[in-house]
Amino acid sequence: MKKFSSASTFKSNRQSVVTIGTFDGVHIGHRAILKRLVATAKSENLDATVLTFFPHPRMVLQQNVDIKLINTIDERTQLLEEAGLDNLIIHPFTQAFSRLTALEYVRDILVNSLNAKKIIIGYDHRFGRNRNANIEDLKEFGKTYNFEVIEISAKEIDDVAVSSTKIRNALNEGDVETANSYLQYNFSISGEIIKGKAIGRTINYPTANLSLDENYKLVPKNGVYVVESVIDGEKVFGITSIGTNPTVGGKEKTIETYFLNLDKNLYGKKITIAFLKYIRDEAIFNSIEGLKEAIKKDELFAKQFLTNRE
């Protein structure tokens, strides 16, 4: 797959079948579209090309809203590459880009830059300044600029019944299993292990404190989870606590993982933590002993869950 940093940098002498979207999560609904894109490209001897945007349009157009995304742009890129694309264009979404008229967008981006011969798009797709053009307008442009619009019907989209918003909502409720079923992979977060307050070490539950790579990445609801990771080539499991550590007077949100059966210095390592199961809400305990007892129960829960999963 070839990757391009904007539509203007895209260079190819082959015509493309194009699909367009933010593709946050690259979930099963997105995959159905991508599968159709790749199959159409092969049957028509065209390049399978995706036009996506970064930052997310709502980050630019609704700056007063704190929007968190399922994927970082690097994660999205990797997932799209796995779909078998020929070309991926990650176009910068700016205020100026949002003000392009429908004609300018179709003529300058889709036709002149991307050399689109076919466009696969959802029935409810809107584009152009103030999103005032729809799929019927796109079909009219197709007559002028000699490209075909392949419409993804409401039934096809409803059959999948998945949206990035539903997945974000599930994660915000701690329902990682529903999110993972929609994604068809385990939701994960990545970052560097940094030094924390080392409180876990004093109670025989040493934790790895994760500093996120990107601040726009969604973090699931505060609570305790069963997780998995790969460290030095070895798959390991653990318990991740997201929250402020209220029992020990914590104020700032942390992401701390106690890995089962792992005794390694992880400071400075970049790791990815995938979420498997929600255990419980964050809680305040009356004593450190109460906290230790809760972690012991979490550990037993995690081990039972992992045994039943095998």
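Quick note: the coordinates plus some simple rules give every number you see, no bench work behind them. Just so it is clear, the structure is predicted and the values come from calculations on it, not from any experiment. Quick reminder, even Gly has a Cβ in these numbers, built from the backbone with ideal geometry, and neighbours come from all protein chains shown.
Between helix 73-82 and the chain, what is the angle of the helix's C-alpha long axis to the longest principal axis, kept within 0 to 90° and rounded to the nearest 10? So the helix axis and the longest Cα principal axis differ by about 70 degrees. With R₀ set to 25 Å, the beta-carbon distance separating Asp175 from Arg309 gives a calculated FRET efficiency near 0.90. Using the Cβ-Cβ distance between Glu192 and Arg129 with R0 set to 45 Å, the FRET efficiency works out to roughly 0.65. Seen through its C-alpha gyration tensor, with square-root eigenvalues sorted a ≥ b ≥ c, segment 186-309 comes out rounded because a/c lies under 1.5.
If you run the Gaussian network model on the chain, springs between alpha carbon atoms under 10 Å, then out of Leu79, Leu183, Leu114 the most flexible one is Leu79. Of all the options Lys118, Lys296, Lys217, the one that moves most in a Gaussian network model of the chain with Cα springs shorter than 10 angstrom is Lys296.
In this Cβ point-charge picture (+1 for Lys and Arg, -1 for Asp and Glu), the chain has a dipole of about 420 debye about its Cα centre. Axis angle, to the nearest 10 degrees, between helix 28-44 and the longest C-alpha principal axis of the chain: 40 degrees.
When the GluC sites (Glu not before Pro) in segment 219-308 are filtered for DSSP coil states and for at most 11 other beta-carbon atoms within 10 Å of their beta-carbon, the remaining sites are Glu252.
Mind running the shape call on segment 51-137? Use the C-alpha gyration tensor, a ≥ b ≥ c as the square roots of the eigenvalues: rounded below 1.5 for a/c, prolate if a/b tops b/c, oblate otherwise. Because a/c hits 1.5 or more and a/b fails to exceed b/c, segment 51-137 counts as oblate. Relative to the dominant Cα principal axis of the chain, helix 135-145 is inclined by about 50°. Quick check on segment 127-170: take the gyration tensor over C-alpha atoms, sort the square-rooted eigenvalues as a ≥ b ≥ c, and tell me if it's rounded (a/c under 1.5), prolate or oblate. Judged from the Cα gyration tensor, segment 127-170 comes out oblate (a/c at least 1.5, b/c at or above a/b). Each other residue within a Cβ distance under 14 Å of Asp86 adds +1 if Lys or Arg and -1 if Asp or Glu, for a net charge of +3. Pairs from the list Lys195/Lys221; Lys2/Lys166; Lys3/Lys235; Lys221/Lys253; Lys35/Lys155 with a Cα-Cα gap above 20 Å: Lys195/Lys221; Lys2/Lys166; Lys3/Lys235. The residues packed around Lys68, meaning those with a beta-carbon under 9 Å from its beta-carbon, carry a net charge of +1 if Lys and Arg are +1 and Asp and Glu are -1.
Shown here for segment 249-309: chymotrypsin sites (Phe, Trp or Tyr not before Pro) in loop regions (DSSP other than H, G, I, E, B) with at most 16 other Cβ atoms within 10 Å, namely Tyr267, Phe285.
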